[in-house]
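What follows is a single structure, and I will ask about it in a moment.
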Amino acid sequence: MEFLQDVNFWIGLLKIIWINIILSGDNAVVIALAARSLPPHQQKRAILFGSGAAVVLRVALTVVAAKLLELSFLQIVGGVLLLWIGVQLLSEDDEDEGESKQVGGLMTAVRTILIADLVMSLDNVIAVAAAAQGSLVLLVLGLAISIPLVVFGSSLMIHLMERFPIIVTLGAALIGWVGGETIMNDNILKPVLAGQPWLHYVAAALGAILVVLLGRSLQKRGKTAT
C-alpha cells in the first residue's frame, strides 16, 4: 500500500479521471441509445452491466491497444462497424410499447454497448495508459472510478432523449461522425490524410449524414411495414 503515499500515484489517478471525463461523452450517448428501447427496470441494468463490462474491456485492451493500432484495415473495419451500430440504434422505433419494446432484450443492448465501446476506445486507452505509466493498480482504479461518470451521463441522456427526441438523431449522428473519423485514422490512410487533412472532417461528416439518412429510412420502412 506504499503507492498510496506516492504523490505521482495521485497525480496519475487525477489524470486518468480527467481523461475519462473528457472522453466519456460519446460512450454515454451510445449506452443511452442502446438502452432507451428497454423498459425502465432494464435500462438501469443495461447501463450498469454495459459500463462495468466496458471498463474491464478497456483494461484488457490497454495492454494490446498500441499493437492493434499498428494493424492496417483494423480501424476501417471498426469504423464501418460503428456506422452500422449507429444506423441500427436510430432505426429502432421509439413508440413501441409492452413486449415489443423488449424485442432487443437486455443482452442485445449490453452487446451493442460493448462492441461500440471496444471500437471507440482504441485511441482513448492509449491516453489512459500513458497517464497510468505502467501501473496496473492505477489503471484499474482510475477506470473503475470513471464508471459512475458514464452511468450518470447515460442516465441523463436517456431522460433528455425521452423529453427531446431530436437528441436521438444527434446521438446517432455523433456515432456516425466517430465512425467516419475512425476509418480515416487507419494506418493505410495516414499518407493520404497527411497530404489532405481536411479529408478527416469530410469523412466524419459523411459518416454522420449516412447514419442519419439510413437510420431514418429504415425507421420509416419499419413503421410502414407494421
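The values are calculated or read from the model by the stated rules, or taken from the named source; none is laboratory data. Since the structure is predicted, the reported quantities are computational estimates derived from the model, not experimental observations. Don't worry about glycine lacking a Cβ; one is built from the backbone with ideal geometry, like all the others, and counts go over all protein chains shown. Ligands, DNA and RNA are excluded from the accessible area calculation, which covers all protein heavy atoms including side chains. Shrake-Rupley method; radii C 1.70, N 1.55, O 1.52, S 1.80 Å.
Taking the condition of being open to solvent by 70 Å² or more (accessible area, probe 1.4 Å) and under 22 Å from the mean Cα position of the chain (by Cα), how many residues in segment 186-210 meet it?
Here the count works out to 4.
Before we move on, is Leu4 modelled with pLDDT of 80 or more and either open to solvent by less than 50 Å² (accessible area, probe 1.4 Å) or in a helix (DSSP H, G or I) (or both)?
Numbers: modelled with pLDDT of 80 or more: no; either open to solvent by less than 50 Å² (accessible area, probe 1.4 Å) or in a helix (DSSP H, G or I) (or both): yes.
So Leu4 does not fit the description; no.
Here is a further query. Looking at (1) open to solvent by 30 Å² or more (accessible area, probe 1.4 Å); (2) among the hydrophobic types (A, V, I, L, M, F, W, C); (3) farther than 16 Å from Ser146 by Cβ, which is the one condition that is false for Val56?
Condition not satisfied by Val56: (3).
Could you say whether any residue in segment 68-89 is modelled with pLDDT under 80, assigned to a helix (DSSP H, G or I) and of a type in the set (Gly, Ala, Ser)?
no
Continuing with the same structure: What are the pairs, 6+ residues apart or on separate chains, where a residue within segment 166-189 that is in contact (Cβ under 8 Å) with a residue 12 or more places away in the chain has its Cβ under 6 Å from a residue that is assigned to a loop (DSSP other than H, G, I, E, B)?
Asn187/Ser72; Ile188/Ser72
Only one of these conditions is not met by Ala225: (1) surrounded by fewer than 20 Cβ atoms within 10 Å (Cβ to Cβ); (2) among the hydrophobic types (A, V, I, L, M, F, W, C); (3) at pLDDT 90 or above. Which number is it?
Checking Ala225 against (1) surrounded by fewer than 20 Cβ atoms within 10 Å (Cβ to Cβ); (2) among the hydrophobic types (A, V, I, L, M, F, W, C); (3) at pLDDT 90 or above, the one that fails is (3).
Yes or no, residue by residue, for (1) among the aliphatic types (A, V, I, L, M); (2) loosely packed, with under 14 Cβ neighbours inside 10 Å; (3) at pLDDT below 90:
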{"site": "Gly153", "(1), (2), (3)": "no, no, yes"}
{"site": "Met161", "(1), (2), (3)": "yes, no, yes"}
{"site": "Ala173", "(1), (2), (3)": "yes, no, no"}
{"site": "Met184", "(1), (2), (3)": "yes, no, no"}
{"site": "Val212", "(1), (2), (3)": "yes, no, no"}
{"site": "Ser217", "(1), (2), (3)": "no, yes, no"}
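Matching residues to (1) surrounded by 15 or more Cβ atoms within 10 Å (Cβ to Cβ); (2) at pLDDT 80 or above; (3) within 15 Å of the chain's Cα centre (by Cα); (4) outside any helix (DSSP H, G or I):
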position	(1), (2), (3), (4)
Ile16	yes, no, no, no
Ile22	no, no, yes, no
Ala28	yes, yes, yes, no
Ile31	yes, yes, yes, no
Leu38	yes, yes, no, yes
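Identify all residues within segment 141-151 that are open to solvent by 20 Å² or more (accessible area, probe 1.4 Å) and more than 15 Å from the chain's Cα centre (by Cα); write none if there are none.
Leu141, Ala144, Ile145, Pro148
If you scan segment 37-60, which residues turn out to be over 20 Å from Ile16 (Cβ atoms) and in contact with a Ser or Thr (Cβ under 6 Å, 6 or more places away or on another chain)?
Ile47
I would also like to ask the following. Go through (1) buried (at least 22 other Cβ atoms within 10 Å of the Cβ); (2) at pLDDT below 80 one by one and return the number of the condition Trp10 breaks.
If we test Trp10 against (1) buried (at least 22 other Cβ atoms within 10 Å of the Cβ); (2) at pLDDT below 80, just (1) comes out false.
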